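Student: Encoded as structure tokens, here's the structure I'll be asking about.
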Amino acid sequence: MLLEQQDDGLTFTEEHQAFRQSLRKFVDKEINPYVDKWEEERIFPAHELFKKMGDLGFLGVSFPEEYGGQGLDYWYNLVFLEEIARIQCGGLPMAIAVQTDMATPALCDFGSTELKKKFLAPTLNGEMVCSIAVTEPGAGSDVAAIQTRAESDGDHYVINGSKMYITNGTQADWICLLARTSPSTGFQGMSLIVVPTDTPGFSVSRKLEKMGNHSSDTAELAFDNVRVPKSYCIGEEGQGFILQMMQFQKERLAAAIMAYVGSENVIRMTIDYCRQRKTFGKPIIDNQWVHFHIVELITELEHLRQMCHHCARKVVAGEDMTREASMAKLKAGRLVRETADWCMQFHGGMGYMEEYPMARYFRDSRLLSIGGGADEIMLGIIAKYEGILPRRS
Ligand SMILES: Cc1cc2nc3c(=O)[nH]c(=O)nc-3n(C[C@H](O)[C@H](O)[C@H](O)COP(=O)(O)OP(=O)(O)OC[C@H]3O[C@@H](n4cnc5c(N)ncnc54)[C@H](O)[C@@H]3O)c2cc1C
């Protein structure tokens, strides 16, 4: 039995399952039929799609009702992520999750009421599109090395710098920006600031061409004397690094949840293919080499799913899940690579053809070990939690 049918009844109530069904219908009707077109066009209509999702209450299921969310427990959000992971590409689930799990949690948890009314509510309603901007041309894994500055000028910040590889970057109405607000170096003196993209001085330097995730737009952004009110700072000035590290936990868990569903779909597709395709007079699946490898992958997927559920339980209990979310993200990145490789292999030449979904999964899944903190960064975090990371000199 594949993972999807194994809901234990303890975690998911009938209401969760009803929510799953309505989202599944939406994905099948409003998203999957357009995926090929959007992949080809190298962009999807974020405003149009997010508005439809917002109108149905799909964005921000676990956010407070007063800001346009549904006020539901994190298990609903897990169901949400599981269902958007059924979209037939990697780019769209990623772009949607930026809106719901990557660029908005810090604003929700630490932003002022005014800021949440102005930016969070319209984002959860689907009227605004947002991005998270941490990475820079000269700093990715080493977040403490970012150079973008937000200097004080009366009641305003004046922002200068650039950000790299920003998802939704050409379509965003506002950006959750990590910038330096004091001359300190390292992880000190950074702040998270909401930057509306219609502010003079903001520009998209270029839309980046990628190996995969084609339907999602990715951009390099420039900030040239961009003035925003100091009240647009999320939480306390100078706390940005810590707030972003917290926000990363939701991002990494979301990525890991979507990974086990995406991989499960590819495994199911591979089983179907290997059942109907024959070599040497028998279905490919009847070779022990093949079905043993497939069940190895399913076993690993089940481990990942349980790990993600463990993280979800911690979120619901309000406990820190940094260690476990880092493990889940690490495991997810590696597992999707392994899944992509074996499933491609068992498809033979057909898997390599652009007309077949296997090739897209192979391309798209590779990002997971790099984006949102590379595997090596996850190893460092886990080592820190285990007390075996050498201190920086
Ligand atoms: C399609 C896509 C979408 C993205 N979307 C966003 C977004 O929306 N917002 C955003 O802020 N960023 C985004 N990113 C950026 C992403 O988070 C970074 O690419 C990632 O954090 C790695 O940073 P880097 O590319 O600068 O790699 P580098 O930091 O240069 O590292 C390169 C490699 O070196 C290795 N490495 C690095 N440090 C160590 C170490 N200490 N020990 C051992 N090995 C190490 C790792 O293997 C790593 O992959 C996106 C990237 C891509 C490709």
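Student: Using a 1.4 Å probe, how large is the accessible area of S152, given in Å² and rounded to the nearest 10?
Tutor: Surface accessible to solvent at S152 totals approximately 80 Å².
Student: Looking at the stretch 77-150, which GluC sites (Glu not before Pro) are DSSP coil and have at most 16 other C-beta atoms within 10 Å of their C-beta?
Tutor: Values: sites: E82, E83, E114, E127; in loops: E127.
Passing sites in the stretch 77-150 are E127.
Student: Could you calculate the FRET efficiency of E41 with Y356 from 1/(1 + (r/R0)^6), where r is the beta carbon distance between them and R0 is 25 Å, rounded to 0.05?
Tutor: 0.80
Student: Per residue, what accessible area does the chain have, given a 1.4 Å probe and all protein chains present, in Å²?
Tutor: Details: 17460 Å² over 393 residues.
Roughly 44 Å² per residue, with all protein chains present.
Student: To continue, here is another question. Using DSSP to define loop residues, name the trypsin sites (Lys or Arg not before Pro) in the stretch 298-393 whose beta-carbon has at most 14 other beta-carbon atoms within 10 Å.
Tutor: R391, R392
Student: Let me ask another. Could you run the Karplus curve 6.51 cos²θ - 1.76 cosθ + 1.60 with θ = phi - 60° over the stretch 200-209 and give me ³J(HN,Hα) per residue in whole Hz, x for Gly and Pro?
Tutor: In residue order, the calculated couplings are x, x, 8, 8, 8, 5, 6, 8, 8, 8 Hz.
Student: When the Debye formula is applied to the Cα atoms of the chain, each taken as the same point scatterer, what base-10 log of I(q)/I(0) results at q = 0.14 Å⁻¹?
Tutor: Those come out to -1.26, one per q.
Student: With each label point set 7 Å from Cα along the Cα-Cβ vector, what nm distance links D155 and K29?
Tutor: The two pseudo-label positions are separated by 4.7 nm.
Student: Answer with one residue from T197, Q244, Y356: the one whose Cα lies farthest towards the positive end of the charge dipole of the chain, charges on Cβ with Lys, Arg +1 and Asp, Glu -1.
Tutor: Y356
Student: Kindly express, to the nearest 10 degrees and within the range 0 to 90, the angle between helix 240-276's C-alpha long axis and the longest C-alpha principal axis of the chain.
Tutor: 20
Student: I'd like the accessible area for T218, computed on protein heavy atoms only with a 1.4 Å probe and all protein chains in place. Round to 10 Å², please.
Tutor: Only protein atoms counted, so the area is about 10 Å².
Student: Charges only on Cβ, +1 for Lys and Arg, -1 for Asp and Glu: so what's the dipole of the stretch 337-392 about the Cα centre, in debye to the nearest 20? Walk me through the numbers on the way to the answer.
Tutor: On the way: 7 positive and 8 negative charges, 72 e Å.
So the magnitude is around 340 debye.
Student: Also: Between the helical axis of 322-347 and the dominant principal axis of the chain, each derived from Cα atoms, what acute angle in degrees is found, rounded to the nearest 10?
Tutor: Here the helix axis deviates by roughly 40 degrees.
Student: For the stretch 251-311, which chymotrypsin sites (Phe, Trp or Tyr not before Pro) are both in a DSSP coil and crowded by at most 14 other Cβ atoms within 10 Å?
Tutor: On the way: sites: Y260, Y273, F280, W289, F292; in loops: F280.
Answer by residue number: F280.
Student: Continuing with the same structure: What whole number of Å gives the distance from the Cα centroid of the stretch 348-393 to the Cα centroid of the stretch 160-238?
Tutor: If you average the Cα positions of each part, the centres end up 24 Å apart.
Student: To make sure I understand the rule: partners must be lysines, Cα under 17 Å from the Cα of K314, and not fewer than 8 residues away in the same chain. Which ones qualify?
Tutor: K250, K329
Student: Taking the Cα centre as origin and putting +1 on Lys and Arg beta-carbons and -1 on Asp and Glu beta-carbons, what dipole magnitude results for the chain, to the nearest 20 debye?
Tutor: Working: 41 positive and 53 negative charges, 139 e Å.
Dipole magnitude for the chain comes out near 660 debye.
Student: Another one. Using alpha carbons only, how many degrees (0 to 90, rounded to 10) separate the axis of helix 288-317 from the longest principal axis of the chain?
Tutor: With both axes taken from Cα atoms, the answer is about 30 degrees.
Student: Here is a further query. Which ³J(HN,Hα) values in Hz, rounded to whole numbers, follow from the phi angles of the stretch 39-53 under the Karplus curve 6.51 cos²θ - 1.76 cosθ + 1.60, where θ = phi - 60° and Gly and Pro get x?
Tutor: Running phi through 6.51 cos²θ - 1.76 cosθ + 1.60 with θ = phi - 60° gives 4, 5, 6, 6, 6, 10, x, 4, 5, 5, 5, 5, 5, 4, 5 Hz.
Student: Relative to the present Cα-Cα distance, how much length would full extension add between F187 and D320 at 0.36 nm per residue of separation? Provide the component values of the computation, followed by the final result.
Tutor: On the way: separation 133, 0.36 × 133 = 47.88 nm, distance 2.04 nm.
Stretched out fully, the F187 to D320 stretch lengthens by 45.8 nm.
Student: Going 7 Å from the Cα of R313 along its beta-carbon direction, which residues of the stretch 320-339 have the amide nitrogen within less than 20 Å of the resulting point?
Tutor: Only 320-332 pass the distance filter.
Student: Please report the accessible area of H214 (heavy atoms, 1.4 Å probe, ligands and nucleic acids excluded) in Å², nearest 10.
Tutor: My reading of the accessible area for H214 is about 20 Å².
Student: Among K116, K29, K250, what's the order by accessible area (1.4 angstrom probe), most exposed first? Display every interim value, and only then the final one.
Tutor: Details: K116 25, K29 140, K250 55 Å².
Descending accessible area places them as K29, K250, K116.
Student: Which one, L23, S369, Q306, is farthest towards the positive end of the dipole of the chain when Lys and Arg carry +1 and Asp and Glu -1 on their Cβ?
Tutor: Ranked along the dipole, the leading option is S369.
Student: Percent of accessible area on the chain owned by carbon and sulfur, 1.4 Å probe?
Tutor: Numbers: 9200 of 17460 Å².
Heavy-atom surface of the chain belonging to carbon and sulfur, 1.4 Å probe: 53 percent.
The values are calculated or read from the model by the stated rules, or taken from the named source; none is laboratory data. Here the structure is a predicted model, which means the values were calculated and not measured. Every residue, glycine as well, gets a Cβ built from its backbone with ideal geometry; the counts of neighbours run over all protein chains shown. Just so you know, the surface numbers come from the protein's heavy atoms only, side chains and all, with ligands and any DNA or RNA stripped out. Shrake-Rupley method; radii C 1.70, N 1.55, O 1.52, S 1.80 Å.
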